[in-house]
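Colleague: This structure is in structure tokens; I'll ask about it shortly.
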Amino acid sequence: MAEKWNITLKIYRQKQGEKAHYQEIKMDVNPDENVIDLVERAWAFHDRTLTFAHACHHSTCGACGMRVNDREKLTCITSVRSVVSNGGTLKVEPLRNFPVVSDLVVDMGELYRRMDLVGHQPVNSDRAEAIQPEFRPAGPAEPGEDFIRLSDCIECGLCMSACPVFSSTPDYLGPAVLAGAHQAGPEKNPSLLNLVDSATGVWRCHSVFECTAVCPSNVDPGWRIMELRRKVVGDRIKTLFNPRKTAQVSK
Amino acid sequence: MNAQSNFIVRAARWFDPRGRSLSTWGFMINRLTALGLTFYLFLHLITLGQLAQGPDAYDNFLKLTESPLYKIGELAVVAAVFLHGLNGVRIVITSFGIAVPRQREIFISAMVLGLIAIIIFGLRMFTA
């Protein structure tokens with residue numbers, strides 16, 4: 001028989017032009033359910049005006065990012081047990097640093113626009129030989145052929161919400177976008193280095209590493225930003241000794 | 001004005017540790033110690049300015065430095081230097097892409113080293 005807990009679900013509510021408030025709903029839950037299940041139940045059985053975003057329910061679409069007890073989480077893979085105890089309060093709020101559209105839904109249009117700017121691709125192709133044999137999926141691909149796979153970054157926006165620098169400097173490209181630039185590959189597109197080598201690019205990062213701490217997809221944006229810095233500095237040193245390289249990069 | 005007050009509200013979130021990981025404490029410590037050290041620099045220049053008013057004025061000021069309150073202030077400056085400096089080393093190392101996955105452990109080590117140094121300095125200052 002499934003374990004039963006009684007908790008209070010505390011949901012952030014705000015419609016456009018209205019003042020924000022919290023709605024509390026007492027619920028009997030299975031602690032192994034995920035937080036999105038509780039939000040769906042609140043909508044289905046308590047209040048049909050509740051707005052939230054979700055789609056895949058298995059951490060692929062990145063739509064259900066929210067703050068759960070103050071921490072950015074992908075609610076479809078966050079178990080109740082991991083964030084609250086029996087009898088406790090589970091608070092769900094929209095992501096920070098994005099305008100609230102309605103209740104738990106935020107407008108992430110700016111993030112998507114910037115991801116396009118750096119050429120982030122949601123689907124990547126990997127050469128069969130570039131994948132370590134133990135991680136190479138079964139299939140017909142032979143050396144020289146490509147595997148098609150989803151990008152690690154699911155554009156959920158959790159890192160942008162957790163970043164305190166993006167909070168105070170909205171012009172900062174932000175961890176997801178810089179990680180996207182790193183994944184897009186400055187080697188393939190040198191103009192990316194010019195884009196990120198700026199006051200609103202890699203140099204704005206203050207090494208808080210909250211982005212890496214909350215990333216549900218092991219993108220590790222903090223590490224990627226530091227790698228980009230290394231590439232930028234390396235490129236600057238190269239251009240000191242090779243003026244022709246300068247011309248190539250500035251194209 | 002509205003944009004400015006919005007900035008203040010947003011910057012205040014730098015110092016809100018709720019739902020944050022350990023590295024945010026490193027971020028907060030660096031900001032607070034940087035502000036403290038900048039304030040101290042101005043204070044230091046003002047006190048040196050006493051020299052321009054003659055030896056008696058400066059000697060009278062130096063008597064103030066013997067009070068326990070002043071010593072606590074000096075220890076706070078020493079603490080800020082150690083915490084800011086050691087945390088700064090972590091940031092420099094990781095900024096070159098070195099040991100980034102180990103930044104949390106480096107932060108803990110830096111803070112433990114800093115605390116040991118502060119305790120040693122404190123003991124010497126208050127027992128000498």
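Colleague: How far is helix B:103-127 tilted off the main Cα axis of chain B, in degrees rounded to 10, range 0 to 90?
Modeller: 20
Colleague: Further question: Per residue of segment B:63-76, in order, report the coupling 6.51 cos²θ - 1.76 cosθ + 1.60 (Karplus, θ = phi - 60°) as ³J(HN,Hα) in whole Hz, putting x for Gly and Pro.
Modeller: These are the phi-based 3J(HN,Hα) values: 4, 4, 5, 7, 6, x, 4, 5, 5, 4, x, 5, 5, 4 Hz.
Colleague: How many nm separate the modelled label positions at residue B:8 and residue A:239, each set 7 Å beyond the Cα in the direction of the Cβ?
Modeller: Simple spin-label model gives 4.0 nm for this pair.
Colleague: Would you please give the residues with an amide H less than 5 Å from that of residue A:84, counting only those at least 5 places away or on a separate chain, with H modeled from the backbone geometry?
Modeller: none
Colleague: Can you give the % of DSSP beta bridges in the protein assembly as shown that are antiparallel, to the nearest 5?
Modeller: Restricted to the protein assembly as shown, the bridges split so that about 85 percent are antiparallel.
Colleague: Continuing with the same structure: Once you place label points 7 Å from the Cα toward the Cβ at residue A:198 and residue A:110, how far apart are they in nm?
Modeller: In this crude spin-label approximation the distance works out to 1.5 nm.
Colleague: Further, regarding this structure: Which is the longest stretch in chain A that no exposed loop site breaks, taking sites as GluC sites (Glu not before Pro) with a DSSP loop state and at most 15 other Cβ atoms within 10 Å?
Modeller: The longest such stretch corresponds to A:19-144.
Colleague: At residue A:48 and residue A:135, where each label point lies 7 Å from the Cα along Cα→Cβ, what is the point-to-point distance in nanometres?
Modeller: 4.7
Colleague: Along the Cα-to-Cβ line of residue B:98, 7 Å from the Cα, sits a label point; which residues in segment A:185-220 have backbone N less than 18 Å from it?
Modeller: Zone members listed by number: A:207.
Colleague: Let me ask something additional. Across segment A:153-160, in residue order, what do the Karplus-derived ³J(HN,Hα) couplings come to in whole Hz, using 6.51 cos²θ - 1.76 cosθ + 1.60 with θ = phi - 60° and x for Gly and Pro?
Modeller: Here the 3J(HN,Hα) series is 6, 9, 6, 7, x, 4, 5, 5 Hz.
Colleague: Between segment B:65-97 and segment B:107-128, how many Å separate their Cα centres?
Modeller: Result: 10 Å between the Cα centres.
Colleague: Compute the length gained on full extension between residue B:35 and residue B:128: take 0.36 nm times their separation in residues and subtract their Cα-Cα distance, giving the result in nm to one decimal.
Modeller: Between residue B:35 and residue B:128, full extension yields 30.5 nm more.
Colleague: Right, here's the next one. If the rule is a partner Cβ under 4.7 Å, which cysteines in the protein assembly as shown fail it?
Modeller: Lone cysteines by the Cβ rule: A:64, A:76, A:153, A:156, A:163, A:205, A:215.
Colleague: First check a/c for the protein assembly as shown, with a ≥ b ≥ c the square roots of the eigenvalues of its C-alpha gyration tensor; if it is under 1.5, answer rounded, and if not, answer prolate when a/b is larger than b/c or oblate otherwise.
Modeller: Because a/c hits 1.5 or more and a/b fails to exceed b/c, the protein assembly as shown counts as oblate.
Colleague: If you place +1 on the Cβ of every Lys and Arg, -1 on the Cβ of every Asp and Glu, and leave all else neutral, what size is the dipole of the protein assembly as shown about its Cα centre, to the nearest 20 Debye?
Modeller: Value, rounded to 20: 680 debye.
Read the figures in this text as sums done on the coordinates, not as results from a lab. Worth saying up front: this structure is predicted, and the values here are computed from it rather than measured. Cβ sites come from the backbone with ideal geometry, for glycine too, and all protein chains shown count toward neighbours.
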